[in-house]
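Asker: One structure, as C-alpha cells, below. Some questions next.
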Amino acid sequence: GARISLYIGVAVMSVSMIVGIALGLATAWYGGLFDVIIIRIMDLIVSIPSLVLAILIMAVLEPSLTNTIIAVTIVYLPRYVRLVRASALAELTKDYVTAAKVAGVRPLRLMLRTVFPNCAAPLIVQAALGISDAILEAAGLGFLGLGAQPPMPEWGTMLADSREFISAAPWIMMMPGLAILVTVLCINLVGDGL
C-alpha cells in the first residue's frame, strides 16, 4: 500500500503547489477584484473542515483514486495560494523588484524569475508537510470507503477491510496503521528539519 499512498501524497502536493503558485502569484500581481474573488474562494474552502469538504466532494464524484486526488487537492489548495500570495506581496515592495520593473522586465518573467525564487523557502517546508497531510486525508477517505477502491492496496482501504478481524487477528489492522504512522512521522520530521 505504500506505493499508492505515497503516490497520492506526492500527486496532491504537486498539483496543489503548481496551481497554488500560479494563483498566488497572479493575485499578488493583479490585485483588485481578482485578488478579492480568489482569496474569498480560498477562505470559503478553509472555513469547511478538511475531511468534511473531502467527503462532500467525493459524494459528488464517484470514489476512485483520481477523484481522491482531486478532492484532497481542492482541500489543501488554499494553503499554497495564501502562502505564495503573502510572500509575493512582501517581495513586490522591495527595491530589487522596483529596479527590475524600471529595467523593463516583463510581468511574467518578473514574477517567475525575480519574485518567486524568494518565496520558495516557506513553500518547500509547506510542501513537505503537505505530503503527510494528504496521506492522512486520503487514508481517512479510504477508511470511509470513499477513497481508492479495492483491490487497490491503499492504507486507509486496508484498515477498513481489516476491521472485521480486529478481535481474531489484530495484527492485520495494526500493519497499515503503523505504516501510516511511521510514514507521516518521518515526513513531518523531514519537514521540520527543512
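Asker: Residues in region 48-72 that are open to solvent by less than 20 Å² (accessible area, probe 1.4 Å) and without any contact (Cβ under 8 Å) to a residue 12 or more places away in the chain: how many?
Answerer: Of the residues in that region, 0 qualify.
Asker: So, Phe116, is that one more than 26 Å from Leu23 (Cβ to Cβ) and open to solvent by 30 Å² or more (accessible area, probe 1.4 Å) or not?
Answerer: The answer is no for Phe116.
Asker: Can you name the number of the only condition in (1) part of a helix (DSSP H, G or I); (2) open to solvent by less than 60 Å² (accessible area, probe 1.4 Å) that Lys101 fails?
Answerer: (2)
Asker: Also, quick follow-up: Look through Val12, Val84 and report the one residue that is under 19 Å from the mean Cα position of the chain (by Cα), at pLDDT below 95, of a type in the set (Val, Ile, Thr) and under 16 Å from Asp133 (Cα atoms).
Answerer: Residue meeting the stated conditions: Val12.
Asker: Give Ile135, Ile45, Ile131 a once-over and let me know the one that is touching a residue at least 40 places away in the same chain (Cβ under 8 Å) and open to solvent by 20 Å² or more (accessible area, probe 1.4 Å).
Answerer: So the residue among Ile135, Ile45, Ile131 that is touching a residue at least 40 places away in the same chain (Cβ under 8 Å) and open to solvent by 20 Å² or more (accessible area, probe 1.4 Å) is Ile131.
Asker: Here is a check on your reading of the model: is Leu136 hydrophobic (A, V, I, L, M, F, W, C), at pLDDT 90 or above, in a helix (DSSP H, G or I) and touching a helix residue (DSSP H, G or I) at 6+ places or on another chain (Cβ under 8 Å)?
Answerer: Spelling it out, Leu136 is indeed hydrophobic (A, V, I, L, M, F, W, C), at pLDDT 90 or above, in a helix (DSSP H, G or I) and touching a helix residue (DSSP H, G or I) at 6+ places or on another chain (Cβ under 8 Å).
Asker: Run Gly147 past the list (1) open to solvent by less than 20 Å² (accessible area, probe 1.4 Å); (2) closer than 22 Å to Val15 by Cβ; (3) at pLDDT 85 or above and report the number of the one that doesn't hold.
Answerer: Result: Gly147 fails condition (3) only.
Asker: Looking only at region 77-98, count every residue that is touching a Ser or Thr at 6+ places or on another chain (Cβ under 6 Å) and open to solvent by 20 Å² or more (accessible area, probe 1.4 Å) and tell me the total.
Answerer: 2
Asker: Another question, if that's okay. Any idea which of Met173, Met152 is hydrophobic (A, V, I, L, M, F, W, C) and not in a helix (DSSP H, G or I)?
Answerer: The unique qualifying residue is Met152.
Asker: Follow-up. Across region 91-136, what is the number of residues that are β-branched (Val, Ile, Thr) and over 24 Å from the mean Cα position of the chain (by Cα)?
Answerer: Total meeting the criteria: 6.
Asker: Out of the residues in region 176-194 meeting the condition of being aliphatic (A, V, I, L, M) and touching a Phe, Trp or Tyr at 6+ places or on another chain (Cβ under 9 Å), tell me which one is surrounded by the fewest Cβ atoms within 10 Å (Cβ to Cβ).
Answerer: Ala179
Asker: Right, next: Could you tell me which numbered condition Thr98 fails, if it satisfies all but one of (1) of a type in the set (S, T, N, Q); (2) modelled with pLDDT of 90 or more; (3) farther than 19 Å from Tyr7 by Cα?
Answerer: If we test Thr98 against (1) of a type in the set (S, T, N, Q); (2) modelled with pLDDT of 90 or more; (3) farther than 19 Å from Tyr7 by Cα, just (2) comes out false.
Asker: When residues of region 155-170 are filtered for being in contact with a helix residue (DSSP H, G or I) (Cβ under 8 Å, 6 or more places away or on another chain), free of Cβ contacts under 8 Å to residues at least 40 places away in the same chain and either open to solvent by 40 Å² or more (accessible area, probe 1.4 Å) or assigned to a loop (DSSP other than H, G, I, E, B) (or both), how many remain?
Answerer: Final tally of qualifying residues: 4.
Asker: Which pairs turn up if I take residues in region 178-194 that are within 14 Å of Asp133 (Cβ to Cβ) and look for partners that are at pLDDT below 90 and open to solvent by 30 Å² or more (accessible area, probe 1.4 Å) with beta carbon separation below 7 Å, at least 6 apart in sequence or on another chain?
Answerer: These pairs meet every condition: Asn188/Leu129; Gly191/Val125; Gly191/Leu129.
The values are calculated or read from the model by the stated rules, or taken from the named source; none is laboratory data. Bear in mind that the values here come from a model prediction, so they are computed numbers and not experimental data. Backbone-built Cβ (ideal geometry, glycine too); neighbour counts: all protein chains shown. Protein only, heavy atoms only, side chains kept; ligands, DNA and RNA dropped before computing areas. Shrake-Rupley method; radii C 1.70, N 1.55, O 1.52, S 1.80 Å.
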